[in-house]
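One structure is given below, encoded as structure tokens.
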Protein chains: 2
Amino acid sequence: MKTIIVGGVAGGMSAATRLRRLDETADIIVFERGHYVSFANCGLPYYVGGVITERSNLLLQTPESLSARFRLDVRVDHEVTAIDRAAKTVTVRQTQTGAETVESYDRLILAAGALARTGITPAGLATRTLRTVDDVDHITALLAAVTGQASAVVIGAGFIGLEAVENLVHRGVHVTLVEFGSQVFGPFDAEMAAPIFDELLVQGVDVRLNTTVVASADGGVELSDGSVVPADLVIDSVGVLPDTSLAARAGITIGASGGIAVDGSQQTNDPSIYAVGDGVEKIDAIDENPTLITMAGLANRHGRATADSIAGEPASAAPALGTAILGLFGLTAAMVGWSEKRLVRAGRAHRVVHTHPASHATYYPGAEGMSMKLLIDPATDAILGAQIVGGSGVDKRIDILATAMTGALTASALTRLELAYAPQYSSAKDPINQLGYVAENLAAGTTRALQWHELAAARAAGAVLVDVRSAGEFAAGNIPGAINVPLDELRDRLDELPDAPLIVHCQVGQRGHTAARILSQSGFDVQNLDGGYRTWTAGETSLSLTPARATNSERIPA
Amino acid sequence: MKTIIVGGVAGGMSAATRLRRLDETADIIVFERGHYVSFANCGLPYYVGGVITERSNLLLQTPESLSARFRLDVRVDHEVTAIDRAAKTVTVRQTQTGAETVESYDRLILAAGALARTGITPAGLATRTLRTVDDVDHITALLAAVTGQASAVVIGAGFIGLEAVENLVHRGVHVTLVEFGSQVFGPFDAEMAAPIFDELLVQGVDVRLNTTVVASADGGVELSDGSVVPADLVIDSVGVLPDTSLAARAGITIGASGGIAVDGSQQTNDPSIYAVGDGVEKIDAIDENPTLITMAGLANRHGRATADSIAGEPASAAPALGTAILGLFGLTAAMVGWSEKRLVRAGRAHRVVHTHPASHATYYPGAEGMSMKLLIDPATDAILGAQIVGGSGVDKRIDILATAMTGALTASALTRLELAYAPQYSSAKDPINQLGYVAENLAAGTTRALQWHELAAARAAGAVLVDVRSAGEFAAGNIPGAINVPLDELRDRLDELPDAPLIVHCQVGQRGHTAARILSQSGFDVQNLDGGYRTWTAGETSLSLTPARATNSERIPA
């Protein structure tokens, strides 16, 4: 059996090595159009920033090492340019010499990945992506040649764009971050991205939201707001699209999402041809529709499954949650499943919980704050998604939630997770348990919550806002027009409250819940402002960044 | 409705505050025999060590704060001495004055916790437990009064004993750790506890295994090995037992495990009396039998459930996994479910996986090593338990496994967990995914594994050991008598291998797996030494600490 693999990074190489372990006698050829295989793509930004100091650390394997250990025939600088499905051959071009050869296959695995999205950055502008070893060689050489402080423009404030910003700042480069949308870190909901925006400003990054690059200019680029910003280097990180041209030319079915369509064993419409990685559709775990999720972990897992399938082992791809994480100047931002705005766009009912716990018991030194958002199906109590931003312990909590979703635990079932507790690691009620308690109270009707973006309309309709924090907290900053009745005085001051629907709030939501319980049992019509003053503030900040032309439905989850 | 709660720490106070939130009109009285309520018991060792610097940080609530916020009638220095179930009253003694009163109840919640186990440390020896604020006041005063370097003996190398050791060392105290058993950290299997033992030696702790304290001696204590060790202070941390005397005197059913027997709503055999916390039996998640697990998280959760039950809300306690964690001189040791030795004792079939991954991608700086052990039901592929010891990221991985167990994910299903990956947080295949891959290969028969403690017998029966590490690794330390054939040369040197059953090993098990695949497909009868040289070394170290009098069945999982 002869297997040809097109693409030698995550998905392709996972398939190749697994296939060898399953079958010592298989013929396995890997064609990689670039000069490197199995390189650490997720590490590239950190080499630019000097965090990873040795270039050799990016090169996890070489054709030689793969031959010695796995008897793989790995040919770099070889691009597969055509597939003849009837003859079961591929045409391969040596990219340096242009020499073409034809190679037969019994099984073909397409693992060519993705390409940078075009059409947003103007054609003709000299930009560089941050996707290959060549890219980082180019970028580091360019920066090294600048005398004085270098300047860079980064286009696109997603994962790669923000990682590029962090590393350029770390290297001493002045950075302008240009983002077409009204928030940074688009995968997050706007109020959850507020701490990231704040941190970028603290780090001296010139953040331009609602802006595009329109042209090159003397010593830099011109932006859509008419300004010119300096740029020795322009990094294009507006995103990627599946690289499907080879497949499409051969008549392989491309799905509606734009990726190669595959079944649960990564097989395309041609039973001899498999596909895996960023070029391929995944099944979304939330709505079970085909979708695009470009993650190294999925590419590795599906590459392995492809090998199992070819070797006759059972293999079926599980639906994908799209768990993802960003490190940025000591902040961590992580998510799983769907965001609120995506649920809104899909017209899907959802319940929202915001909390602001500490990473571990606050009586032990070093606890760091985090903000959490949980999205729940109100009919089934299923977890639909989560976002967390903060300091230490964010990665742990998103992984717990991803595992809970894979195990089909409901939001209320998060209460019964037994998570490891000693005061330097967690609290006796871990932040995940606390999310569960809030969710359970909402599901049981023990508490009623109002979201930050619903507050203005509720007050316009006559509701009165009661801030149950201490007088000192109130004085340090409050929501205009709120009445301050500290929680510990509430039972004795009920007669001061108006005969109107009440909205209570505290700093993070917990005291507000106790206040809401007191008031509802005293006959008041009361809702607790979810996430308290902290979520409301983040939400208002995010609104203030949105241009006036945006309609309300574009700005907030209606 | 009048509810009396006996005990004002984790379980009792969770019940009290939840009950108030559910019922503004309830009469709630909390009797606490100590002088403090809601104190940070898990923080006490760290106050002794000076990590927590403010004593006030240990006191999370006071009777006054609980009255203001929750209208609770909290009476410290009040011990409930008797229950009259027919009259539904309790007798209460003020511990300072001795004055007795009788108080009626509609519902009674017993949350008195546990007491230090007696009978191991000789009667008459002046020891101190480390369980209350009074204990730490006594210990810190005693140490402050010592001129020069203080000395302490800690009896018992479990969670509290090891936390006490760490904090005493941190404070500059010379510590002798006296442990009756043949390993430190008894909840772990011996080979997994080896790094903890090593670290104690590095920190200068005088560790005495297989030893007891037999008597007080001039300036210290005499040990069972005949030696006398200095001790300004002796901390007794041999463990705790449920405090059930009040309940037993009142005819409340005590279970076979020694804790108060309760149903899923924490109700005792008296429908007006509930019990919660360390004094109460839990249902073990592995065998569904009643068991004792003393954890703050369970006490809190079950306290809340008790309040729900009394208030008429649905409440049912989930079975308990006993997730637990220890921090020790920068090491973290964590576990969930059952250990191998417990499975052996119960006669329960199990499969074992050892791995030694890095906390995150090794191409990114700062990755720390960890050792993992997974225990699997070979019939169902269910996860029965796990142990992890290492640096950063241990707490995350044990929580993922605890969540996977709660979600009833199989060991093989760990392969499909989508865990957040960026190189500073994880690897594209997280250590948890890797555990899953090994488990899946074992379940599928793709690989056959041999455990460290099975090696000697297999070799005695004629198996030949092949070390597939590099020549340099082999030279730096090897298993006596092994043949060294580096993996990358293996295919070319098959004819050097004897016609005998082979056992292959590498450093951690991964190259061994590839070698085993090559060899089995070449017709050899081969097993991979699980966990490689590293697990074998840890296992041999643990054996060397066991006295010769121990039988084989006591020393290792047979």
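What follows is calculated from the coordinates using simple rules that are stated; it is not laboratory data. Keep in mind it's a predicted model, so treat the numbers as computed, not measured. All Cβ positions, glycine included, derive from the backbone under ideal geometry; neighbour counts span all protein chains shown.
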Inset, instruction - For an R0 of 51 angstrom, estimate the FRET efficiency from the Cβ-Cβ distance between B:Arg348 and A:His170 and round to the nearest 0.05. - result: 0.45
Legend entry - Cα-based helix-to-principal-axis angle, B:133-144 vs chain B, degrees rounded to 10: 70
Legend entry - Partner chain coverage, peptide B:442-453 - average Cβ within 10 angstrom: 1
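Take chain A, mark every one of the GluC sites (Glu not before Pro) that falls in a DSSP loop and has at most 11 other Cβ within 10 Å, then report the longest stretch left between them, sites excluded.
In short, A:289-558.
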Legend entry - Cα shape, region A:178-244, gyration tensor, a/c 1.5 rule: oblate
Legend entry - For chain A, with +1 on Lys and Arg beta carbons and -1 on Asp and Glu, the positive-most of A:Ala307, A:His505, A:Pro242 along the dipole: A:Ala307
Legend entry - Cα-based radius of gyration of region A:133-238 once divided by 2.2 N^0.38 Å, which approximates compact folds: 1.02
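Per residue of A:15-23, count partner chain C-beta atoms within 10 Å of its C-beta, then hand back the mean as an integer.
Counting Cβ atoms of other protein chains within 10 Å of each residue's Cβ and averaging gives 2.
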Inset, instruction - For chain A, take the alpha-carbon Rg, divide it by the Kirkwood Rh, and send me Rg/Rh. - result: 1.02
Inset, instruction - Extending each Cα 7 Å along its Cβ direction at A:Asp206 and A:Asp488, get the distance between those two points in nm, one decimal. - result: 5.0
Inset, instruction - Measure nothing fancy, just the Cα-based angle from helix B:159-170's long axis to the longest principal axis of chain B, in degrees from 0 to 90, nearest 10. - result: 90
Inset, instruction - Take the Cα of A:Glu64, step 7 Å along the line toward its Cβ, and report every residue of region A:8-47 whose backbone nitrogen sits under 18 Å from that point. - result: A:35-39
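Pairs on different chains or at least eight residues apart, Cα atoms closer than 20 Å: how many lysine pairs in chain B fit?
Step by step, the pairs that qualify in chain B add up to 5.
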Legend entry - Longest to shortest principal axis, alpha-carbon extents of region A:449-544, angstrom: 37, 29, 20
Legend entry - Only Lys, Arg (+1) and Asp, Glu (-1) charged, at Cβ; the protein assembly as shown dipole about Cα centre in debye: 860
Legend entry - D (Stokes-Einstein, µm²/s), Kirkwood Cα radius, region A:331-435, 1.306 mPa s at 10 °C: 114
Legend entry - Potential lengthening between B:Thr25 and B:Phe329 on full extension [0.36 nm per residue; Cα-Cα distance subtracted]: 104.6 nm
Legend entry - Separation of alpha-carbon centers, region B:245-318 and region A:498-515, rounded to whole Å: 34
Inset, instruction - Please list the non-local residues whose amide H lies under 5 Å from the amide H of B:Ser216, H modeled 1.01 Å from N, same-chain partners needing a gap of 5 or more. - result: B:Glu222
Inset, instruction - Calculate how steeply helix B:532-544 sits against the longest principal axis of the alpha-carbon atoms of chain B, using the helix alpha-carbon long axis, and give the answer as 0 to 90 degrees to the nearest 10. - result: 60
Inset, instruction - Quick one: net charge around A:Asp488, please, counting Lys, Arg +1 and Asp, Glu -1 for every other residue with C-beta under 12 Å from its C-beta. - result: +3
Inset, instruction - Report the residues of region A:455-484 in range of a label on A:Glu496: point 7 Å along Cα→C-beta, backbone N strictly under 18 Å from it. - result: A:464-484
Inset, instruction - Compute the length gained on full extension between B:Ala217 and B:Asn289: take 0.36 nm times their separation in residues and subtract their Cα-Cα distance, giving the result in nm to one decimal. - result: 21.5 nm
Legend entry - In Å, descending, principal axis extents of the Cα set of the protein assembly as shown: 101, 83, 54
Legend entry - Other protein chain Cβ atoms within 10 Å, averaged over every residue that makes up B:392-403: 6
